[in-house]
There are 2 protein chains.
Amino acid sequence: MEVNRTYTEQHKILVATDCIVFGFDEGVLKLLVFKRRINPFMGEWSLIGSFVDEEESVTEAARRVLLQFTGLENIFLKELKAYSDVDRDPGARCISIGQYALIRINEYDKEQVERHGAKWFAVDELPEMVLDHNKMISDALDRLKEKARRKPLGFELLPEKFTIPQLQNLYEAIYQRKLDDRNFRKKLLSFGLLIKLDEKDKTSSKKGAFLYRFDHDKYKNLEESGFNFVL
Amino acid sequence: MEVNRTYTEQHKILVATDCIVFGFDEGVLKLLVFKRRINPFMGEWSLIGSFVDEEESVTEAARRVLLQFTGLENIFLKELKAYSDVDRDPGARCISIGQYALIRINEYDKEQVERHGAKWFAVDELPEMVLDHNKMISDALDRLKEKARRKPLGFELLPEKFTIPQLQNLYEAIYQRKLDDRNFRKKLLSFGLLIKLDEKDKTSSKKGAFLYRFDHDKYKNLEESGFNFVL
DNA sequence: CCAAAAGTGTTCGTCCTACACCCATGT
DNA sequence: ACATGGGTGTAGGACGAACACTTTTGG
């Protein structure tokens, strides 16, 4: 807090939050975007977001918007960074806190998404976006790549029950390269964090692949005692 | 940007930035704090910071304050996160973007620091601070520990010319544990990023230790080609 | 019976860890 | 001559990377 200036003498600024919403669908990493409904740039592609209201934190604002657009609560959500260049928004001086969210693409409410004019784009087929939203997305992708290696984020993008080949596909989509089947499986199982179920998923092969669940509780415990998930 | 609301209908919010300023002095990791000069909590210990003005970004605001307090430009500065709880500041609704800075404690302007009533505290002897500043500090320490392992941040806290034992002391102060001399030296030199000088520093031993410089240019190049600094 | 994906072990090299002694110098 | 911190090498174990074939089953 600066020397010799009181609160009331200060400039207030518009504060927004924009969500970079990742989903994983059919082997492809996707982003949820929608057509902006205010000027300037009405009708152009934009991240979903909102101004931060007086009686809510930035996180609460983001959760409010995510609920509105997808019908989901308890979404995985992390702060990316603040975008505060003076001229970033020609509409008005406005600071935006970027946040990235990971959602299970099989769980969201399709009707709500459509009603808001939102659409999923593959991350490598994104349109031009308004303001600095393309930059936010590229920052979020970098962050996702970095974090997915060290934290079990991936599971937030898959259904509760998933197969090892599905998980591998996801990581291949994030890292943009092929991984070795045997090493991937070995490494993952070595953590002892996957619970093997009795069911198989036969949607992608005749043989069928066993389903697993991620043991979130066990992970929490291990993490507290200094365990490091590294893929 | 939210549906159906124009910019002018929105609430503006006070935006501040607070700097967690690290320095390394005589084997101890320290933080620069000062006595707050506005109410509420005038006279209590606070991080140095400022409100963000209309014509500056958050980063620019932080650099302005850092220059004011220490006389230094080109300080290493990274965003930590946004603190936006509605009730975090009883003075007014105010969002603060925390940022951490690393400075060379031998370079700052002592007079300026004193004139602003600022003071260095060892990180494990910090006083009670105003608002959520203790939380910001603990977040910044966690971030520093995490980042120092993967990025060559340490060099930002030492003079341009430093000895390997000094560097090791710094990492021991950050990680709060003793490291093995031989392994530490071997690992560091193996990167080929330290330039050995012909001078010795004799301030801490009779034999004297060779001085080194960090090769920032070479690091930039290596980093771009996917090199990972890991200590 | 064939196509297509699931599942399984071993070897090799690299990197991390642990560990103890000699060197140079100022007092 | 001695106290103090600077500087050096090696051996063992753990972990990551590379690599190919068998199994299951629906059509």
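Worth a mention:
- Top-ranked residue of the range B:150-161 - restricted to ones that are more than 16 Å from DNA strand C (Cβ to nearest atom) and either aromatic (Phe, Trp, Tyr) or assigned to a helix (DSSP H, G or I) (or both), ranked as farthest from residue B:215 (Cα to Cα): B:157
- The range B:67-98, subset of a type in the set (A, V, I, L, M, F, W, C) and farther than 22 Å from residue B:145 by Cα, residue surrounded by the fewest Cβ atoms within 10 Å (Cβ to Cβ): B:92
- The number of residues in the range A:99-119 that are crowded, with 16+ Cβ neighbours inside 10 Å, more than 10 Å from chain B (Cβ to nearest Cβ) and not hydrophobic (A, V, I, L, M, F, W, C) comes to 3.
- Unique residue being within 16 Å of DNA strand C (Cβ to nearest atom) and modelled with pLDDT of 95 or more when the list is A:187, A:147, A:135: A:187
- Residue list for the range A:39-50, restricted to those being polar (S, T, N, Q) and either crowded, with 21+ Cβ neighbours inside 10 Å or more than 9 Å from chain B (Cβ to nearest Cβ) (or both): A:46, A:50
- Count of residues meeting criterion [farther than 29 Å from residue B:141 by Cβ and either in contact with a Pro (Cβ under 7 Å, 6 or more places away or on another chain) or within 13 Å of DNA strand C (Cβ to nearest atom) (or both)] in the range B:198-231: 9
- Conditions (1) more than 12 Å from DNA strand D (Cβ to nearest atom); (2) in contact (Cβ under 8 Å) with a residue 24 or more places away in the chain; (3) surrounded by fewer than 11 Cβ atoms within 10 Å (Cβ to Cβ): number failed by residue B:228: (1)
- Every condition in (1) within 11 Å of DNA strand C (Cβ to nearest atom); (2) touching a strand residue (DSSP E or B) at 6+ places or on another chain (Cβ under 6 Å) is met by residue A:195 except one, and the failing one is (1).
- Filter result for residue A:22 (more than 7 Å from chain B (Cβ to nearest Cβ), of a type in the set (Phe, Trp, Tyr) and open to solvent by less than 10 Å² (accessible area, probe 1.4 Å)): yes
- Checking residue A:36 against (1) more than 16 Å from residue A:98 (Cα to Cα); (2) open to solvent by 10 Å² or more (accessible area, probe 1.4 Å); (3) facing chain B (nearest Cβ under 9 Å), the condition it does not meet: (2)
- For the range A:51-82, the set of residues classified as facing chain B (nearest Cβ under 9 Å) and touching a Cys at 6+ places or on another chain (Cβ under 9 Å) consists of A:51, A:65, listed by residue number.
- Qualifying position, being free of Cβ contacts under 8 Å to residues at least 12 places away in the same chain and among the acidic types (Asp, Glu), among A:44, A:73: A:73
- Subset of the range B:184-218 that is more than 28 Å from residue B:150 (Cα to Cα) and open to solvent by 90 Å² or more (accessible area, probe 1.4 Å) - its residue that is farthest from DNA strand D (Cβ to nearest atom): B:198
- Residue list for the range A:162-184, restricted to those being touching a strand residue (DSSP E or B) at 6+ places or on another chain (Cβ under 8 Å), near DNA strand C (Cβ under 8 Å from one of its atoms) and not in a helix (DSSP H, G or I): A:163
- Filter result for residue A:161 (open to solvent by 80 Å² or more (accessible area, probe 1.4 Å) and within 30 Å of residue A:36 (Cα to Cα)): no
- Unmet criterion (only one of (1) under 17 Å from the mean Cα position of the chain (by Cα); (2) outside the structural domain of residue B:85 (by TED's automatic domain parsing); (3) not hydroxyl-bearing (Ser, Thr, Tyr)) for residue B:165: (1)
The values are calculated or read from the model by the stated rules, or taken from the named source; none is laboratory data. These numbers come from a predicted model, not from an experiment. Using ideal geometry, Cβ is built from the backbone for each residue, glycine included, and neighbour counts are taken over all protein chains shown. Heavy atoms of the whole protein, side chains included, go into the accessibility calculation; ligands, DNA and RNA do not. Shrake-Rupley method; radii C 1.70, N 1.55, O 1.52, S 1.80 Å.
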